[in-house]
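Below is one structure, written out as structure tokens, with a few remarks after it.
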Amino acid sequence: MKKLFFILICAMTLVGCGGGKDKAKEEKKEAKTAETEGTTVNDAGIARIQAQTELGTLGFTPEELKENWNVAQAEMKEDEAYQIKDLTVSNGEFKTDVGEGLILEGIVNEDTNEVSKLSIIRKEVEAEKLEQSLDQFEDTLASFFLLVSVTNKDKKVSEAQINSMVHDLVILEKDKDQLDSSATLNNVNYKVVENERGLVLTATENKD
């Protein structure tokens, strides 16, 4: 499970120069325009820009995310399981392990330093024993609980609300060929998809 980082590639084309002082000034002006208006981005760059301008904000910085996540994790009394030990932002993104086979990743608006998108990815591993299968279910529920907790830090979320969302999102549904569902709680939209990366739980600001 690896996430591709968005890359911003700039291509600038400068007009060739000719003779004459006036012509040189004109070409210098055109070159300046090319620098500011002629910049292009590839699909990955466009996606990154859209992520920063369209996804909105979840209302916390990466530092606040780490602190709030670990506070909620401590309340679960799971020793160091699911704890964020390191969270480094690079090029507006971060990715860190929060458990065996569990990855927390997000997009940060570099203008505001606020998290715009937060995802948990769990790779489905074929279990040889019932105990291993139950462990995977436990990891999924625990990570989803933490995801809901940190994205609702200003509002108390009840166990009944979380159970209702687990049902609405059919997170534990094993018979579906392709899981793709969503639900909203306290102005946060939660989406669950199952793809080649595994089970992906995502939180973004609800703008509807």
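Before moving on, here are some points about what is shown:
- Subset of region 48-82 (residues that are modelled with pLDDT of 80 or more and farther than 19 Å from Lys153 by Cα): Glu80, Ala81
- Counted as qualifying within region 83-201 are the strands (runs of 3 or more DSSP E) with 1 or more residues that are modelled with pLDDT of 95 or more and touching a helix residue (DSSP H, G or I) at 6+ places or on another chain (Cβ under 7 Å), namely 93-99, 102-109, 114-122.
The values are calculated or read from the model by the stated rules, or taken from the named source; none is laboratory data. These figures come from a predicted structure and were not determined experimentally. Quick reminder, even Gly has a Cβ in these numbers, built from the backbone with ideal geometry, and neighbours come from all protein chains shown.
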